[in-house]
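Novice: Mind having a look at this structure? Questions to follow.
Read-outs: derived from the displayed coordinates by stated rules, not from any lab. Just so you know, these numbers come straight off a predicted model, no measurement behind them.
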Amino acid sequence: MAKTVLVINSGSSSIKYQLVDLETGEGIASGLVEKIGEPVDGHYKHEFNGEKHELEEPIHDHEQGLRRVLGFFDEFGPKLAEAGIVAVGHRVVQGGSLFPDPALVTDKTINQVKDLAVLAPLHNGPEAKGAEVMRSLLPDVPQIFVFDSSFFFQLPKAASTYALNKEIADQYHIRRYGAHGTSHEFISSVVPSVIGKPAEGLKQIVLHIGNGASASAEISGKPVETSMGLTPLEGLMMGGRTGDIDPAVVFHLIRNAHMNVDELDALFNKRSGMMGMTGYGDLREVHRLIAEGNEDAKLALDVYVHRIVGYIGNYTAQMGGVDVITFTAGVGENDDIVRKMVCDKLAPFGVKLDEEKNATRSKEPRIISTPDSAITICVIPTNEELAIARKSAAIAEAGKDTYGNTFSK
């Protein structure tokens, strides 16, 4: 019988899920629950065996949504009881300093994840709730928290520490935690096999560029830098986020625009970035505007690329060189224009892009630089679900985590 893991990603008003085959690494079934707790009808989508099943109804809470999801598996397949499910893996954005490794879902770890919501208010609460519900619905299946921040817990202190008053930083747990860690870890582990070089000593930069965007640097597979910080706001320009900005802008807007904390939070996290500069968070629309001669869109894309190239330069200097740069996530995997703009900026350093390979759409991991390029450029689709599934299965098989929590039916 196949072994599978059900991967759950609970948001404040949505749930994404995928049943992953551990042997093939493929998603057997997947789905989405949207508009949980909203005054309008919610939306379910369940996909299996090439068929899509959809339903609209009011969804009052996560428990109702997840009960319906389990019903979809029973009704439309595959039946979880017959699918060899060994674990349920829950993606959690913020593990803080408490969770350098994945953890079994227990009463204690659920409360700890809820407490860490102060560092990720939009994410940790719903993620803890999703695990709480699934634990009650599937009590005989191990439930595991897998933390996005765990990979970057290994950062050198010089990279993770802010130059903030030490007492304040210690009291309020302020440091660079990073995000997208599951994706960065997965990609950096796949790169050696794609380029045919050993991981030992390999210096690489991973560009996870989607609506949320982050960069990281790894040596021998271990992270040495990342762009996101205490929260996912820091770093690259994103779909709705500012990325790096002078903190004094906050003081300026409080004093002169009389904005409060919630208004500033929404401005920096949702109404800025590409959305704030062009009216669109989707880069396909930005490219359309540029083709129509829109100067604001052109500037926004220039800023976007400028930030990416700046981080590449920073990380190359920090590592004393770079062997490979990998593009991943929605924009990184699909936007050949952005990839070309970045690589053109790197041409003086010996980067040579294979124009034909760059323009070719593919879901396969691939090298898009020429054989004589000084730096290898890759495009590798990320697979956070598979990474979460593997980590969850390992703990389920062991029956315990590194914190002393155990699971028994």
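Novice: Which of Q154, Q18, Q143 ends up with the largest GNM mean-square fluctuation for the chain, with Cα atoms connected below 10 Å?
Specialist: Comparing Q154, Q18, Q143 in a Gaussian network model of the chain, the most mobile one is Q154.
Novice: Mind checking which of I254, I174, I219 has the largest fluctuation in a GNM of the chain, springs on alpha carbons under 10 Å?
Specialist: I254
Novice: What percentage of all Cα-Cα pairs in region 175-312 are separated by more than 21 Å?
Specialist: Roughly 50 percent, once rounded to a whole number.
Novice: Per q in 0.06, 0.07, 0.10 1/Å, what log10 I(q)/I(0) does a Debye calculation on the alpha-carbon atoms of the chain return?
Specialist: Each listed q maps to, in turn, -0.25, -0.34, -0.72.
Novice: Alpha carbon centre of region 58-131 versus region 241-269: separation in Å?
Specialist: When both Cα centres are located, 32 Å separates them.
Novice: Looking only at E167, E200, E56, which one moves most when the chain is put into a Gaussian network model with springs between Cα atoms under 10 Å?
Specialist: Between E167, E200, E56, it is E167 that shows the largest mean-square fluctuation.
Novice: In a solvent-free Debye calculation with one equal scatterer on each Cα, what is log10 I(q)/I(0) for region 112-242 at q = 0.15, 0.17 Å⁻¹, listed in the order of the q values?
Specialist: -0.83, -0.99
Novice: Take the Cα gyration tensor of region 331-381, multiply each eigenvalue by 5, square-root it, and list the three semi-axes largest first, rounded to whole angstrom.
Specialist: Result for region 331-381: semi-axes of 17, 12, 8 Å.
Novice: Over region 4-155, what is the percentage of antiparallel beta bridges among all DSSP beta bridges, to the nearest 5?
Specialist: Bridges in region 4-155 are about 75 percent antiparallel.
Novice: Also, I was wondering about something else. Just round it to a whole percent: the fraction of Cα-Cα distances in region 252-409 exceeding 26 Å.
Specialist: Pairs farther apart than 26 Å: 49 percent.
Novice: Which pairs break 26 Å Cα to Cα here: K197/K340; K52/K270; K3/K400; K52/K108; K114/K270?
Specialist: Among K197/K340; K52/K270; K3/K400; K52/K108; K114/K270, the Cα-Cα distance tops 26 Å for K52/K270; K52/K108.
Novice: Checking a compactness column here: for region 132-200, what do you get for Rg(Cα) / (2.2 N^0.38 Å), N being the number of residues?
Specialist: In units of the globular-protein estimate, region 132-200 measures up at 1.60.
Novice: Tell me the Kirkwood hydrodynamic radius of region 4-155 in angstroms, computed as one over the mean inverse distance between distinct C-alpha pairs.
Specialist: Result for region 4-155, one decimal place: 15.7 Å.
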